[in-house]
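Student: This is the structure, below, for whatever I ask next.
Each reported figure results from applying straightforward, stated rules to the coordinates on display, with no laboratory input. The structure displayed is predicted, hence computed values, not measured ones. Cβ placement follows ideal geometry from the backbone for every residue including glycine, while neighbour counts extend to all protein chains displayed.
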Amino acid sequence: MLEIKNLHARIAEDHTEILHGVDLTVNAGEVHAIMGPNGSGKSTLSYVLAGKDDYEVTEGEVLFNGRNMLDMSPDERAAAGMFLAFQYPIEIPGVATMEFLKTAMNAQRKARGEPQLSIPDFMKRVKEAAGFLNVSMDMLKRPLNVGFSGGEKKRAEILQMSLLEPKLCVLDETDSGLDIDALRIVSDGVNKLRGPDRAMVVITHYQRLLDHIVPDVVHVLSKGRIVKTGDKDLALELEKNGYADYVDAAA
Amino acid sequence: MPAVQETIDRVKAIDVDQYKYGFVTDIDSERGAKGLSEETVRFLSAKKDEPEWMTEWRLDALRRFQQMEEPDWARVSYPKIDFDELYYWASPKSVEGPKSLDEVDPELLATYEKLGIPLREQEVLAGVEPKNRVAVDAVFDSVSVVTTFKEELKKAGVIFCSISEAVREYPDLVRKYLGSVVPVTDNYYATLNSAVFSDGSFVYVPEGVRCPMELSTYFRINEQNTGQFERTLIIAEKGAYVSYLEGCTAPQRDENQLHAAVVELVALDDAEIKYSTVQNWFPGDKDGKGGIYNFVTKRGDCRGKNSKISWTQVETGSAITWKYPSCILRGENSRGEFYSIAVANGYQQIDSGTKMIHLGKNSSSRIISKGISAGKSQNTYRGLVSAHRKASNARNFTQCDSLLIGQDCGAHTVPYIESKNASAQFEHEATTSKISDDQMFYCLQRGLTEEEAVALIVNGFVKDVIQQLPMEFAVEAQKLISISLEGSVG
Ligand SMILES: Nc1ncnc2c1ncn2[C@@H]1O[C@H](COP(=O)(O)OP(=O)(O)O)[C@@H](O)[C@H]1O
Ligand SMILES: [Mg+2]
């Protein structure tokens, strides 16, 4: 599904290199966790995959179902099935959440040459997904992310992910700012989307999310490189001993 | 309008290739009255079969105009207009004073069809619920071509016809009200209009009548080098209600065309007038050619107690817009409203806003202005709110928001507040925001194209004003705004 080979990326503005050669392969049906200390380049990796133009790729390649993803614009990547749940979701003033959902779903359908959703069909899908994520009608009427609490923002991200039905889900620190109940709701929402045709990359700083979303593979990212790969027990070990061993190893 | 090289340079590179109304209709037309002179005015007046008093009224305005200087206080710049190079009369030849649709040039009907105007009553009847029917007066260059639903409106007592017809058929009403809101010498362009106004609409709603349908006028400039000087007069008698909408388009021309309209509204006791505009004059092409100079005087007089006048405008076209729909709040408890969306892209220049003049006790007003600037455009909101000595408890709320798209455009807010009464309460709020890169990226990540993302964010920004438009036109207005902003990012 996703093949990242020797990926080097730098900040477009000042040419500081953040990713120094990342290799990662995620197959359909797998959930990979990427853990690492703050500042190690986790968000940068997610942005580069989504095509944010603050970053330049200087070396390496990214294949998404065999297609060179780096040649695609962000909206093309989205329509091809790449979804990023943002660490810090952006406020869109004046645009009701519901309106945003409809526009996004139809934009992707249009890009893929599929027919637009009928209003009843759309409403049915939204109601079902929103119900599961405990997102109220009232929240759907509010402008997207404007004045949302941390937990509401993260639920709104997962709601979008559920409705857009992406093939590749990248979740950046989806657990941050969540209390234990919200964490359960969000994790259930994510787990519901697990399936043989879908791949997930779950970025997190803490192990606790991985109690709920149990990964198949765990990677440690440090200073822009993957320095260790293991199974879910690696997360537990990191929880106990911290990142110090790997950070030093990378240095 | 003469294409002086300077003109072309000045109104440069307006990036609105998508102007879909930019076709010219190939019909036989008659054009006359070149240059601004007594002869022109007499010619025009004779063409329209006007009574003596009307001709004199025009000539008086012309004399006054010749004494006036062009104003230069607005934040717009353009070369001097040579009024002697303009034509003051153009008319589709075969349709002077048509009696019915059958007499109208089929080419002309085809044009209106292209513009999406439901001229044929059967079509309207077939397609739309009776409640939503819209009566249309279509003005083509200088002549009102056809007015629909006339008979039915007449039954309700409503007069809806071209101003030329009203001058002939309802002279007492016209004489009583014409120039009573916008005096002949009000300003340079209004005086010019008074001398040479070509056509426009006349609406009279008698006491206690609620006009049974939306009234609408479509203005189209087709001829070259022709000024359009439309004149509209709407009177709502005691307790009457009317909602009126005007739409405007013009073909793509290399030269600038002048549009200098005057609109007067009079609301008597307990009457309400809702006036909506969707203005989409040609803004000029991306090489800086053409575009309409839109210099308009619109004013409503809340003459009676508890009267209400509400202006809603969606301004997306024109190379230069100079326009301040205003309310004189004379009556006790009268209310004025101004809802505006002004979109400037390319090299468009907009200087627009409103004036709320509080004269009566307990009068109130509300101003919601949404300015969007993209490309290299300049968009200025200029608004005056004033309270007269006697206007105790006058209240105004102004919300003035600007949205910038890109780095090279400008948004300016120039509010004037004058209060001679200590009990007046005026509130003013203003914001300026930008569509941020982060917002764009977020939308793109969800699959929206750049244009879809801008349209979505802009529609969110203008929502409060769109809601004020009659339902039938809200969707059209939204689309128009998106089209106007195409090519503004990336
Ligand atoms: N757009 C940017 N401009 C400047 N510095 C950046 C930018 N993006 C990332 N960085 C820097 O790159 C490093 C990695 O950041 P990030 O990818 O956000 O790490 P993580 O998500 O692992 O905490 C940090 O030092 C951060 O300050
Ligand atoms: Mg991060």
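Student: Collect residues whose amide H, placed 1.01 Å from N in the peptide plane, falls under 5 Å from the amide H of B:GLY406; neighbours closer than 5 in sequence don't count.
Tutor: Residues meeting the criterion, in which the H sits 1.01 Å from N, are B:ILE435.
Student: Continuing with this model, one more query. As a footprinting exposure proxy, order B:TYR177, B:TYR416 by other Cβ within 10 Å, with the fewest listed first.
Tutor: By the 10 Å Cβ count, ascending, the order reads B:TYR416, B:TYR177.
Student: What is the fewest-to-most order of B:THR321, B:THR413, A:THR16, B:THR297 by other Cβ atoms lying within 10 Å of their Cβ?
Tutor: Ascending Cβ contact count within 10 Å gives the list A:THR16, B:THR413, B:THR297, B:THR321.
Student: Roughly what % of DSSP beta bridges within the stretch A:2-250 run antiparallel, to the nearest 5?
Tutor: Values: 23 of 41 bridges.
Within the stretch A:2-250, antiparallel bridges account for around 55 percent of the total.
Student: What's the local net charge at A:GLY29, with K and R +1, D and E -1, over the other residues with C-beta under 13 Å away?
Tutor: With Lys, Arg at +1 and Asp, Glu at -1, the net is 0.
Student: Tell me, B:ASP351, B:ASP464 in order of fewest to most beta-carbon neighbours within 10 Å?
Tutor: B:ASP464, B:ASP351
Student: Let me ask you something else. Could you size up the charge dipole of the stretch A:28-172 around its Cα centre, putting +1 on the beta carbon of Lys and Arg and -1 on that of Asp and Glu, and report it in debye to the nearest 20?
Tutor: Working: 17 positive and 19 negative charges, 127 e Å.
With Lys and Arg at +1 and Asp and Glu at -1, about 620 debye.
Student: Quantify how strongly other chains surround peptide A:72-79 by giving the mean number of their Cβ atoms within 10 Å of each of its Cβ atoms.
Tutor: Across the residues of A:72-79, the mean count of other-chain Cβ atoms within 10 Å is 5.
Student: Another question, if that's okay. Could you grab the relative contact order for the stretch A:2-250? Cα pairs under 8 Å, six or more apart, rounded to a whole percent.
Tutor: 28
Student: Now for a separate question. Name the residues of the stretch B:364-395 whose amide N is less than 20 Å from a point 7 angstrom out from the Cα of B:ASP408 along the C-beta direction?
Tutor: B:372-380
Student: So, how do all the Cα-to-Cα distances of chain A break down into 10 Å bins, in percent, from 0 on up?
Tutor: 7, 31, 37, 21, 5, 0
Student: Tell me the mean residue ellipticity at 222 nm calculated for chain A from its helices only (DSSP H runs of n ≥ 4, each -39500 (n - 2.57), averaged over every residue, nearest 500).
Tutor: -11500 deg cm²/dmol
Student: Also, I was wondering about something else. Give the peptides B:206-217, B:439-450 in descending order of average Cβ contacts within 10 Å, highest first.
Tutor: Descending packing order for the listed peptides: B:439-450, B:206-217.
Student: Percent relative contact order of the stretch A:167-227, based on C-alpha pairs within less than 8 angstrom and at least six residues apart?
Tutor: This gives 43 percent for the stretch A:167-227.
Student: Between A:VAL95, A:VAL26, A:VAL62, find the one with the highest GNM mean-square fluctuation for chain A; connect C-alpha pairs within less than 10 Å.
Tutor: Greatest mean-square fluctuation among the candidates belongs to A:VAL95.
Student: Rg and Dmax of the stretch B:265-415 over Cα atoms: what are they, in angstrom?
Tutor: Values for the stretch B:265-415 (Cα only, Rg and Dmax): 16.2, 52 Å.
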